[in-house]
Amino acid sequence: SSGINAEWPLRPGGFLYRKTDFFRPLSSDQSMGFPPGVAREKLLKVYKKYECMGSPATVPRSPPSNNHPPTPPATPGLPSITPRPTVTPNVTAGELLPKPERKQEAMEQIQGDWSTSSWDHHNGGVTEHYAWSQTATDVDLKLVLPNPNIKASDLKIDIKPYNLKVQLKQQSDLQTLLEEKLHSLVKPEESMWSLHKGECLQINLEKGRDGYWWTGMFEGGHAIKLDTIDTTRHMHEFGQDERACVQKLMFDQQQKRLGQPSSDELNTEDILKKAWNTEGSPFAGTEYDRSKINLSNNPPPGPSGT
């Protein structure tokens, strides 16, 4: 019978330990690494995300709205953005083709028989040069590279709050493959990238505003219609407090269907049980009787006729 080696999922950890500063704690005399606890938090976040995707619980959300505040201007001090040409898979390294003319009007995802067409573009779009998808919390970009033999060490990725720059290291200089202003704010410190050799460069951007849906990958680029976005959220996309709140609401709905007390009423009852036999209680010395307690928010019935 076939199976998975139990040690296989741990191998990326060994690579990170040997080849990177991922597990190295940041200190006053050590400029590389993460502050204590940050690396663990990042690994747990990824684990919880894909664990929940194995048996996803979804929570419907209201349709997206265009009433979000406009994207703030670029942060002072960031370099100005000069559009650069991008590349297609069938050109050799160093050759660049002109970028197709941008369309300012809203449009559906661009269709075609390109290699990008099979890439995930849920809630996003696909063009000849890249594909992008999004959830309520992050944006995932897959970018075509000019040469299938490019290594991760050949790339320089610069992620800033409103800007993305991808460069290819050459013998004496850097060749800019992409330099664009993003549709909205991202968190560079929580974003990451990886190279799928021979396929694409994948960049995962953590949104600066959870629940804010992007209508395009880049400012002024191809746009998607807001009403086509699926706003259903998986449970793993909520923060810890939000998940606790959703679980409480689901429990209360179930209790209501069964005619049982809500979570708040159960908490109140626990407090009353503890106080039932305390000194000064009118019920001291008697067994707890739930019928004598009004756990709901409804006032007790008054005299007949009032």
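Annotations for the structure displayed:
- Here the spin labels are modelled as points 7 Å beyond Cα on the Cα-Cβ line, and at LYS187 and GLN170 they lie 3.7 nm apart.
- The range 151-249 - Rg (one decimal) and Dmax (whole number), Cα, Å: 16.9, 60
- Full extension of the chain between ASP270 and PHE283 yields a length gain of 3.2 nm, computed as 0.36 nm times the residue separation minus the alpha carbon distance.
- Greater than 18 Å apart at Cα, pairs in LYS181/LYS207; LYS45/LYS142; LYS160/LYS187; LYS187/LYS207; LYS151/LYS181: LYS45/LYS142; LYS151/LYS181
- Considering only alpha-carbon pairs that sit under 8 angstrom and 6 or more positions apart, the relative contact order computed for the range 111-216 is 26 percent.
- Each label was represented as a point 7 Å from its Cα along the Cα-to-Cβ direction; for GLN255 and ASP158 these points are 5.5 nm apart.
- Label-point separation, LYS248 to ARG290 (7 Å along Cα→Cβ), nm: 2.1 nm
- Ranked by the mean number of other Cβ atoms within 10 Å of their residues, highest first, the peptides 269-280, 187-198 fall in the order 187-198, 269-280.
- LYS169 contributes about 100 Å² of solvent-accessible surface, heavy atoms of the protein only, 1.4 Å probe.
- Additional length obtainable on full extension of the chain from LYS197 to ASP230, 0.36 nm per residue less Cα span: 8.8 nm
- Cut-off 12 Å between beta-carbons: net charge of the residues surrounding SER133, Lys and Arg +1, Asp and Glu -1: -3
- Residues SER117 and LYS42, FRET efficiency given R0 of 51 Å [Cβ-Cβ distance, rounded to 0.05]: 0.95
The values are calculated or read from the model by the stated rules, or taken from the named source; none is laboratory data. Predicted model only: the values in this text are computed from it and were never measured. As a convention, Cβ positions derive from the backbone with ideal geometry for all residues, glycine included, and neighbour counts pool all protein chains shown. Surface accessibility is based on the protein's heavy atoms, side chains included, excluding ligands, DNA and RNA. Shrake-Rupley method; radii C 1.70, N 1.55, O 1.52, S 1.80 Å.
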